[in-house]
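A.B. asks: Handing you this structure, nothing more for now.
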Amino acid sequence: MSRLPTKEDAADLIARVRARRPRVHCLMNTVVQKFTADGISAIGAIPSMTSSMEEIADFVAKADALTINLGTLDAERKKVIRLAVDVATTGGKPWILDPVHCDYSPTRLAFARELITLGPTIVRGNRAEMELIGETGASLLIMTGPVDHLSDAEKSVRVENGHAFMAVVTGTGCLSGGVIAAFMAVEKNALTAATAALCTTGVSAELAAPSARGPGSFEPAFLDALANLGPGDLISHARIHHEAT
């Protein structure tokens, strides 16, 4: 059994992301594209966001990781997502699926289940979404909430960092998927990468919150905190707990 992730891993990985500047392609909820791109840039990675059928294969081929978010889904976007997954799989690139609101729509749930058969590296969703998804072949499952629970075939971890403002700013969860993808680009162990990424967003939120008067001022403070986050901040503030399996 491989060892469990630590806050020292998180500190190491944020430094590695900034040194390597991986490219992350995002097929993302259109409402949050700018915020997601800004957040990925803030941690030192390079985002791309096109959902053009004519361009998607080229962009995914040049990316180091892919994140797929099923928000604002339509028939054309489904075609683009299928092609992106095929290119990522053929190229051996890690990819993460966020089945947003699959608990609202039977057709979205069916599409999420179709994608899961294609072998995402990570499936990430809230409790209601994950309960509907059922069994997956993903290397790692993440159930998000006030505490994030991560589990692979051997180990389970919870990350307790974050702040209540994250729940009232649209896109913080979508952004965390992009950050996870950036960390997967530099770390093959999905549990280690995702734990470090969630510590990064959670600690940044905690550092940003005291200067914010509400969600409007929290958003830019959060982006600033992501950009200024250092390995020492993660050593000091990350709260990673290993769960019995």
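The values are calculated or read from the model by the stated rules, or taken from the named source; none is laboratory data. Fair warning: this is a prediction, and the values are worked out from it, not measured in the lab. Glycine also receives a Cβ, built like all others from the backbone with ideal geometry; neighbour counts cover every protein chain displayed. The area values use the complete protein model at the heavy-atom level, side chains included, leaving out ligands, DNA and RNA. Shrake-Rupley method; radii C 1.70, N 1.55, O 1.52, S 1.80 Å.
A.B. asks: Could you tell me which of the residues Ala221, Ala182 is farther than 14 Å from Val147 by Cβ and within 14 Å of the chain's Cα centre (by Cα)?
C.D. replies: Ala182
A.B. asks: Given the conditions (1) open to solvent by less than 50 Å² (accessible area, probe 1.4 Å); (2) free of Cβ contacts under 8 Å to residues at least 24 places away in the same chain; (3) of a type outside the set (Val, Ile, Thr), and given that Pro106 satisfies all but one, which numbered condition is not satisfied?
C.D. replies: (1)
A.B. asks: Given the stretch 118-218, what helices (runs of 4 or more DSSP H) lie entirely inside it while holding 1 or more residues that are in contact (Cβ under 8 Å) with a residue 60 or more places away in the chain, touching a strand residue (DSSP E or B) at 6+ places or on another chain (Cβ under 7 Å) and hydrophobic (A, V, I, L, M, F, W, C)?
C.D. replies: 172-184, 190-208
A.B. asks: For the stretch 11-36, what are the residues that are hydrophobic (A, V, I, L, M, F, W, C), more than 15 Å from Ala227 (Cα to Cα) and under 16 Å from the mean Cα position of the chain (by Cα)?
C.D. replies: The first filter runs over the stretch 11-36 and keeps only residues hydrophobic (A, V, I, L, M, F, W, C), leaving 11, 13-15, 17, 19, 24, 26-28, 31-32, 35.
Still in the list and also more than 15 Å from Ala227 (Cα to Cα): 24, 26-28, 31-32.
Within the stretch 11-36, Val24, Cys26, Leu27, Met28, Val32 meet the criteria.
A.B. asks: Hey, another quick one. Please work out which residue is nearest to Leu191 (Cα to Cα), limiting yourself to the stretch 202-218 and to residues that are open to solvent by 70 Å² or more (accessible area, probe 1.4 Å) and not polar (S, T, N, Q).
C.D. replies: So in the stretch 202-218, the residues open to solvent by 70 Å² or more (accessible area, probe 1.4 Å) come out as 207, 210-211, 213.
Next, from what is left, pick out any that are not polar (S, T, N, Q): 207, 210, 213.
Numbers: Leu207: 24, Pro210: 30, Arg213: 34 Å.
Filtering the stretch 202-218 for residues that are open to solvent by 70 Å² or more (accessible area, probe 1.4 Å) and not polar (S, T, N, Q), the one nearest to Leu191 (Cα to Cα) comes out as Leu207.
A.B. asks: Could you tell me which residue of the stretch 142-198 is least open to solvent (accessible area, probe 1.4 Å), considering only residues that are over 20 Å from His237 (Cβ atoms) and of a type in the set (S, T, N, Q)?
C.D. replies: The residue in question is Ser156.
A.B. asks: Let me ask something else about it. For the stretch 31-84, what are the residues that are under 17 Å from Met184 (Cβ atoms) and β-branched (Val, Ile, Thr)?
C.D. replies: Thr36, Ile40, Ile43, Ile46, Val60, Thr67, Ile68
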